[in-house]
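The structure appears below as structure tokens.
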Amino acid sequence: MTEKQVDYIIVGQGLAGSCLALHLLLRKKRVLIVDEPNPNAASVVAAGLFNPITGRQMGKTWLADDLFPYLHQFYSEAEKFLQQQFFFPMPLYRPFVTVEEQNEWMGRSADDNYTAYLSEVNSRPVHEQIVKNPFGGLMLKQCGYLDTHIFLKAVRHYFQSTGSVVTEPFDEEALDMANGVRYRGWGASKVIFCAGEKARSSRYFSWLPVRPLKGETLSVSPDVKPSIILNRGVYVVPGIWKVGATYNKHDQAPGNTEAGFRELKEKLDELAGFSYAITGREWGFRPTTPDRRPILGPHPEFEQLIIFNGLGTKGVSLAPYFSNVLTNWLESGAPINQSVSVSRYKSVYSKST
Ligand SMILES: Cc1cc2nc3c(=O)[nH]c(=O)nc-3n(C[C@H](O)[C@H](O)[C@H](O)COP(=O)(O)OP(=O)(O)OC[C@H]3O[C@@H](n4cnc5c(N)ncnc54)[C@H](O)[C@@H]3O)c2cc1C
């Protein structure tokens, strides 16, 4: 059988695999994507939110000043290239829960560190027909959502049209690493594993601390349709009308739970000023790491095998920027910062062998 030659084989077409495939395509590289679709993959069930000010403390997220300009440019260009709309920048409103918080943000509003992301600091309630906010709240900019369903479908459709997608589980037993890599009639220089939390069952990468963090969401049909994202305790994303998400590291079982449902509904009732009907429920596992940083780079022993994983709770904002970092390393040897390099876990590998 004649071998079909590509530059890279990508295993998994979630956000990591999709963003990486587009970056490699921009460099005129030939890729083969091997993906087994999974309706509960994190990228499929994600609400797709991107938001630079997060967490209970409402701090600026790690690398926000680099990640956010990059993601805006990347997804906008991807929309033009794929001729589909899936990127929806829009303001995000975060109610204050105490007067102290309100005062703190009145002070922070002049802080240069935050001005790029703040559009209003409201000390009185606004938009009360859609959001409960007795102490006012923050209107943030550079936020929005990615419709991950449309994005993943558009990427898949493009690569299918060039005969570059194989829809099946990647069989690691069929990998021949004698000279570059060979896999079922395909030859490549490297295989890049973008398998999300399924890395845990990989023969080559299961030693890495990729930990599943379960998340559940609700789909709702509201009687008033806000055109901003609401976020406090839970988020409500317009357009796709998703409410989420829970964070449960102890529950490793598939499926939605009663506890998850109750938690989301209670938090939504604290936030929403509108009535709604619940129309659906979803669940999935985020691929997280102990230090909350992605994992990029070559296997310690098999340099043809590369990992791109650990996107955790923020795949939408991390995947574009770090696909670029990985592409620069693959194509021109640009160094991967130690804080995200797979080499930070080298000692874990040594102990496991
Ligand atoms: C409920 C929930 C809500 C979320 N909301 C947000 C959000 O609003 N904003 C945000 O930024 N992030 C969010 N996330 C996190 C985000 O979804 C993840 O960070 C991101 O999707 C991870 O992408 P990935 O490509 O690494 O993994 P995945 O999405 O898991 O994709 C991996 C792909 O590889 C395939 N695969 C795996 N193993 C194999 C194999 N051996 N052979 C072939 N194919 C294989 C899988 O089937 C899948 O298609 C959410 C996650 C969850 C669970």
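Below is a table of values for the structure above.
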{"quantity": "Residues (open to solvent by 50 Å² or more (accessible area, probe 1.4 Å) and either in contact with a Gly (Cβ under 9 Å, 6 or more places away or on another chain) or within 10 Å of Arg293 (Cβ to Cβ) (or both)) located in segment 308-337", "calculated": "Thr313, Trp329, Asn337"}
{"quantity": "Residues of segment 90-112 satisfying the condition of being in contact (Cβ under 8 Å) with a residue 40 or more places away in the chain and loosely packed, with under 15 Cβ neighbours inside 10 Å", "calculated": "none"}
{"quantity": "Selection count where residues are among the hydrophobic types (A, V, I, L, M, F, W, C), in a loop (DSSP other than H, G, I, E, B) and under 27 Å from Arg203 (Cβ atoms), scope segment 302-353", "calculated": "4"}
{"quantity": "Verdict on Tyr247 being open to solvent by 10 Å² or more (accessible area, probe 1.4 Å) and hydroxyl-bearing (Ser, Thr, Tyr)", "calculated": "yes"}
{"quantity": "Subset of segment 285-305 (residues that are open to solvent by 10 Å² or more (accessible area, probe 1.4 Å) and within 10 Å of the ligand (Cβ to nearest atom))", "calculated": "Phe285, Arg286, Pro287, Thr288"}
{"quantity": "Cβ pairs under 6 Å, 6+ apart, first in segment 306-335 and within 16 Å of the ligand (Cβ to nearest atom), second among the polar types (S, T, N, Q)", "calculated": "Gly310/Thr289; Gly312/Thr288"}
{"quantity": "Leading residue by the ranking (least open to solvent (accessible area, probe 1.4 Å)) among those in segment 169-189 that are at negative phi and within 13 Å of the ligand (Cβ to nearest atom)", "calculated": "Tyr183"}
{"quantity": "Residue count for segment 200-212, restricted to those that are within 16 Å of the chain's Cα centre (by Cα) and outside any loop (DSSP other than H, G, I, E, B)", "calculated": "2"}
{"quantity": "Where a residue in segment 6-21 is more than 19 Å from Asn328 (Cβ to Cβ) and its partner, wherever it lies, is small (Gly, Ala, Ser) and open to solvent by less than 10 Å² (accessible area, probe 1.4 Å), with Cβ under 6 Å and at least six apart", "calculated": "Val6/Ala188; Ile9/Ala188"}
{"quantity": "Residues of segment 231-249 satisfying the condition of being among the hydrophobic types (A, V, I, L, M, F, W, C) and touching a helix residue (DSSP H, G or I) at 6+ places or on another chain (Cβ under 6 Å)", "calculated": "Val234, Val243"}
{"quantity": "Any chance Arg56 is open to solvent by 10 Å² or more (accessible area, probe 1.4 Å), touching an Asp or Glu at 6+ places or on another chain (Cβ under 9 Å) and more than 16 Å from the ligand (Cβ to nearest atom)", "calculated": "no"}
{"quantity": "Lone qualifier among Ala272, Ala253 - being modelled with pLDDT of 95 or more and within 22 Å of Met90 (Cα to Cα)", "calculated": "Ala272"}
{"quantity": "Within segment 1-39, tally of residues that are open to solvent by less than 40 Å² (accessible area, probe 1.4 Å), in a loop (DSSP other than H, G, I, E, B) and either β-branched (Val, Ile, Thr) or within 8 Å of the ligand (Cβ to nearest atom) (or both)", "calculated": "5"}
{"quantity": "Selection count where residues are in the same structural domain as Leu175 (by TED's automatic domain parsing), over 18 Å from Gly315 (Cβ atoms) and among the β-branched types (Val, Ile, Thr), scope segment 190-242", "calculated": "1"}
{"quantity": "Failed item in (1) touching a Pro at 6+ places or on another chain (Cβ under 9 Å); (2) near the ligand (Cβ under 10 Å from one of its atoms); (3) open to solvent by less than 40 Å² (accessible area, probe 1.4 Å), with Glu282 passing the rest", "calculated": "(3)"}
{"quantity": "Scan of segment 198-239 for residues that are farther than 21 Å from Thr54 by Cβ, charged (D, E, K, R) and touching a residue at least 40 places away in the same chain (Cβ under 8 Å), ordered by number", "calculated": "Lys198, Asp223"}
{"quantity": "Which listed residue, of Ile150, Ile192, is more than 11 Å from the ligand (Cβ to nearest atom), in a strand (DSSP E or B) and modelled with pLDDT of 95 or more", "calculated": "Ile192"}
{"quantity": "Filtered residue count, segment 70-80, keeping only those that are open to solvent by 50 Å² or more (accessible area, probe 1.4 Å) and touching a residue at least 60 places away in the same chain (Cβ under 8 Å)", "calculated": "1"}
{"quantity": "Yes/no for Ala154 being of a type outside the set (Val, Ile, Thr) and not assigned by TED's automatic domain parsing to the domain that holds Ile307", "calculated": "no"}
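The values are calculated or read from the model by the stated rules, or taken from the named source; none is laboratory data. No experiment lies behind these values; they were computed from the predicted model shown. Neighbour counts run over all protein chains shown; Cβ positions are idealised from the backbone, glycine included. Accessible surface is based on the protein model in full, side chains and every heavy atom, while ligands, DNA and RNA are left aside. Shrake-Rupley method; radii C 1.70, N 1.55, O 1.52, S 1.80 Å.
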